[in-house]
Amino acid sequence: MERKVAIIGAGISGLLACKYALLKGHRPTVFEAQSGLGGVWTKTVEITKLQIPKPLYQFSDFPWPDSVTEVFPDQNQVLEYIESYARQFDLLHHIKFNTKVVSIDYEGASSEVQQAWALWGGTGEPFDSKGGKWYITIQDTKSLSTEVCQFDFVIICLGRFSGIPNIPEFPQGQGPEVFQGKVIHSMDYAAMDYATAKELIKGKRVAVVGLQKSALDIAMECSTANGMDLPCTVIYRTEHWNIPDFQPWGVPLAYLYLNRFSELSIHKPGEGPLLSLLATLLSPVRWAFSKFVESHVKHKLKLAKFGMVPKHSFLQELSSCLTSTVPDDFYNRVEKGSIRLKKAPSFSFCKEGILIDGKTETIKADLVILATGFNGVKKLRDIFASPSFQDLIAGSPDKTVPLYRECIHPRIPHLAVIGFSESFANLYTSQMRCRWLAELLDGTFKLPSIQEMEKDIAEWDEYMKQYSDKNYRRSCIGALHIWYNDQLCKDMGWNPKRKKGFIAELFEPYNPMDYACP
């Protein structure tokens, strides 16, 4: 039976959700607030490139074209690849561009009845046979007119790295209001065309707050624009294992962290006694792999020379989904002086620039760019009209966003979230999740009870906390790609073992092409 499925967002996850919903005979409509598809790839800093090698960032049913020879394609190449995928599978006419979803509201069983449910949606079924529907309020971003549409199922594909910037809070009189220069977020910088962005930073003393990918890329552009005459200051709180390449000491990183052997050394959610024992016995291997990568990064980037050696392990970085690549020549520019690094556990603004707490020196600036990330939880929470659903989806501040299989909230019926939980390779993971969701919608399998799902969510939360430690971030499957995909495969009735032979199954890295067929 054809069902109406609403998909919010036309990024990677939204396109995949649309494709697989169509394959199962449903009628999807994708709502996209922007004028084009691609999500975070529609607007980036000019020098931004793919963060992982392209073999790990590709659709299993649509490989990269031979014309793209770079291992790390740039923004234009990635966007063209995504657009080609949408054209290949005829997805464009299912997308309503310039259409913002203002809110979603469920009308069905009362809240009292919902609280008594033992199964998701009361029956465990993805569609409500008793008439429950989602009502979606949409707004045309050009005319500002609004309307309400009705759907049987909703898939939220908003992502967590856009929309609502994470802005640090400051005491009264110590925030951007006292600064005589200009303060913007990296989101605003990336939204500019390249010429406008260059004009903004040219001839200015720029301070960039942050040490993740956006901060590093913006600092590089400032360094190129102004050189050593006006060095760019990078203000950071914590050192990170930002890696120079994916070949530590010549060994592909995938052989260290993307095969079954590597995952045997990790304690896993829901593991049995044997796997728990193996993970304990292999803890020296886990430690050695991490130190092996760290030694390469420290050597190649000369981190000790700049006081940039992190206090946490590389495994903790990977398990927190914080790993990013360093732009070529970044630390050479630090050494030459066109980029300056300043550690600041906390800071405040003054008239002339930035004051680092505990320091008397003022970092003078004309422009401060806050590369401080996004408030993905608020973005996800605010899409719901119901306060109770808002609280449910946000969960507890000291836990992960509570999604079973990182997709389904046990107590929010007939709705899924795709692409919020991170992984080492997000496209790869989103495709697996969308295939899993399509099989759920098709009735291939049923979800366990709400109590069982909540127990599973709690076990994944404990895993994330154990291996992320102080860098614990919400919703990241980290170093357990294969274990996570195994669960999805078993639910769908697929064989989770995708390699040929015992040795290959144990030691060969897994990649998207391993899941091309059921």
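The values are calculated or read from the model by the stated rules, or taken from the named source; none is laboratory data. From a predicted model like this one, the values you see are computed outputs, not experimental measurements. Note: ideal-geometry Cβ built from the backbone for every residue, glycine included; neighbour counts use all protein chains shown. For the accessible areas, the whole protein counts, side chains as well, though only heavy atoms, and no ligand, DNA or RNA atoms are used. Shrake-Rupley method; radii C 1.70, N 1.55, O 1.52, S 1.80 Å.
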Let me confirm something: among E439, E406, which residue is surrounded by 21 or more Cβ atoms within 10 Å (Cβ to Cβ), in the same structural domain as D461 (by the TED database) and acidic (D, E)? E406
Counted residues in region 150-194 being surrounded by fewer than 16 Cβ atoms within 10 Å (Cβ to Cβ) and part of a strand (DSSP E or B) come to 2
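Please tell me if L79 is under 30 Å from T444 (Cα atoms) and among the aliphatic types (A, V, I, L, M). Step through it out loud before you land on a result.
Values: under 30 Å from T444 (Cα atoms): no; among the aliphatic types (A, V, I, L, M): yes.
No.
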The lone condition L144 fails out of (1) open to solvent by less than 60 Å² (accessible area, probe 1.4 Å); (2) among the hydrophobic types (A, V, I, L, M, F, W, C); (3) assigned by the TED database to the domain that holds S475 is (1)
So, in region 376-407, exactly how many residues are out of contact with any helix residue (DSSP H, G or I) (no Cβ under 7 Å at 6 or more places or on another chain), outside any loop (DSSP other than H, G, I, E, B) and under 22 Å from E462 (Cα atoms)? 3
Tally the residues that are buried (at least 17 other Cβ atoms within 10 Å of the Cβ) and among the charged types (D, E, K, R), restricting the search to region 228-242. 1
In region 228-299, which helices (runs of 4 or more DSSP H) lie fully inside it and hold 1 or more residues that are in contact with a helix residue (DSSP H, G or I) (Cβ under 9 Å, 6 or more places away or on another chain) and either acidic (D, E) or closer than 28 Å to I369 by Cβ (or both)? 260-264
Considering region 243-253 alone, what residues qualify as being surrounded by 14 or more Cβ atoms within 10 Å (Cβ to Cβ) and within 19 Å of W287 (Cβ to Cβ)? I243, P248, V251, L253
Near pairs, Cβ below 6 angstrom, 6+ apart or cross-chain, from region 28-54 (open to solvent by less than 30 Å² (accessible area, probe 1.4 Å)) to any residue that is aromatic (F, W, Y): E32/F97; L50/Y57; L50/F72; P53/F246
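Counting only residues that are polar (S, T, N, Q) and part of a loop (DSSP other than H, G, I, E, B), which one in region 345-374 is surrounded by the fewest Cβ atoms within 10 Å (Cβ to Cβ)? I'd like the intermediate steps shown before the answer.
Taking region 345-374 and keeping what is polar (S, T, N, Q), we get 346, 348, 360, 362, 372.
Restricting the remaining residues to those that are part of a loop (DSSP other than H, G, I, E, B) gives 346, 360, 372.
On the way: S346: 11, T360: 6, T372: 19.
My answer is T360.
Pick out the one residue from K305, K300, K342 that is closer than 30 Å to A479 by Cβ, of a type in the set (K, R) and surrounded by 14 or more Cβ atoms within 10 Å (Cβ to Cβ).
From the options K305, K300, K342, the qualifying one is K300.
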